[in-house]
1. Could you check segment 1-97 for strands (runs of 3 or more DSSP E) lying wholly inside it with 3 or more residues that are touching a residue at least 12 places away in the same chain (Cβ under 8 Å) and out of contact with any Leu (no Cβ under 6 Å at 6 or more places or on another chain)?
2. Please state which of the following conditions Asp210 fails to meet, knowing it meets all the rest: (1) touching an Asp or Glu at 6+ places or on another chain (Cβ under 7 Å); (2) under 26 Å from Leu161 (Cβ atoms).
3. Of all residues in segment 114-151, which are farther than 22 Å from Val50 by Cα and in contact (Cβ under 8 Å) with a residue 60 or more places away in the chain?
4. Please go through segment 134-166 and pick out each residue that is small (Gly, Ala, Ser) and at pLDDT 95 or above.
5. Does Gly44 qualify as being modelled with pLDDT of 95 or more and small (Gly, Ala, Ser)?
6. Could you pull out every one of the strands (runs of 3 or more DSSP E) wholly within segment 233-324 that has 3 or more residues that are at pLDDT 95 or above and either aromatic (Phe, Trp, Tyr) or crowded, with 20+ Cβ neighbours inside 10 Å (or both)?
7. Can you pull out every residue in segment 203-221 that is touching a helix residue (DSSP H, G or I) at 6+ places or on another chain (Cβ under 9 Å) and within 15 Å of Ile265 (Cβ to Cβ)?
8. For the structure I just gave you, tell me whether Leu177 is more than 22 Å from Leu49 (Cβ to Cβ) and of a type in the set (A, V, I, L, M).
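The values are calculated or read from the model by the stated rules, or taken from the named source; none is laboratory data. Predicted, not measured: the structure shown is a model, and the values here were computed from it. Cβ sites come from the backbone with ideal geometry, for glycine too, and all protein chains shown count toward neighbours.
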Amino acid sequence: MPVPMIPIIDVGPLVHGAEDRARVALDLGRACREYGFFYVVGHGVDDALVKHLEQASREFFDQPLPTKLDIAMSRGGKAWRGYFPVGGELTSGKPDQKEGIYFGTEQSGDHPRVRAGTPLHGPNLFPAHPPELRTLVLTYMDALTRLGHALMAGLSLSLGLEESYFASRYTANPLILFRIFNYPPTQVADDLYGVGEHTDYGLLTILKQDMSGGLEIKMGSRWIDAPPIEQSFVCNLGDMLDRMTGGRYLSTPHRVRNPTQHDRISFAFFFDPDFEAVVEPIVGVVHDNKAERWDHASVHEFEGTYGDYLLGKVSKVFPQLRREVL
């Protein structure tokens, strides 16, 4: 049986506002229905920025653990920002074989949601070394936020909606979460993953992976590779887009294992609904696919805000931190 090929889509018309956006939207719609994953090229993000961020990230992770713990997540409080060591994050109750730094939209102490103690809002924790990491991270998040808005406009068109559908209802003030992950080499084992089988929580994930490989997506009962492609991002849909489209657009399970004998770096950028948004279905007929999901959970039965849904998920990823800050 042939191995499915994840589509590669030139999204330049969306980024630059060109007239052939409708053609790109058709390609996006097909990819969302059949895969829930697609690569984007022509995205306009400076490759030099990406390379500099990767270099600075490697410099950070190469430091001794006590130095990295200077920005431990426990110091980020309710903002849920900072560093966690290998095994500090769980997927389905199993420790992931990765370390990472959590970032989000930079917000000062006088921001209304920060003053109110809203979880996942607040200032970032940046390390003393390398000093350029702060500027690189903030610049990268700005660039990916612009790309996220362009892609969501294309997804609106792909559903036969106005380009502004998501922006006017959910992403005028998107919840932006950004993770830099480092996957050290591990011994090959059936149950040992950098991150185990999971789906993402929100609308859209824009992932930059280095050239190591190791990302796999689940198509039915098969796992297929999503190999790195130079100067591209691999995108996937989250649970909220699955919910909005009644299961027509797929929140596809995926997992990561480092197949190399050196560290693997990835940048996971999450472009999600406003924390206080109530996410409603776009279409009336719902296909509830909880029997097919890795966790047998329904994204269609949930009631509440996106923030409620997200907190319920991340508190399982960091149970100790949940007890401390929530």
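1. 8-10, 37-41
2. Exception for Asp210: condition (2).
3. Of everything in segment 114-151, those that are farther than 22 Å from Val50 by Cα and in contact (Cβ under 8 Å) with a residue 60 or more places away in the chain turn out to be Thr118, Pro119, Leu120, His121.
4. Looking only at segment 134-166, we keep the residues that are small (Gly, Ala, Ser), and these are 143, 148, 150, 153-154, 156, 158, 160, 164.
Across segment 134-166, the qualifying residues are Ala143, Gly148, Ala150, Ala153, Gly154, Ser156, Ser158, Ser164.
5. Here the answer is yes, as Gly44 does meet what is asked.
6. Of the strands (runs of 3 or more DSSP E) lying wholly inside segment 233-324, those with at least 3 residues that are at pLDDT 95 or above and either aromatic (Phe, Trp, Tyr) or crowded, with 20+ Cβ neighbours inside 10 Å (or both) span 233-237, 264-272.
7. Lys208, Asp210
8. No: the conditions fail for Leu177.
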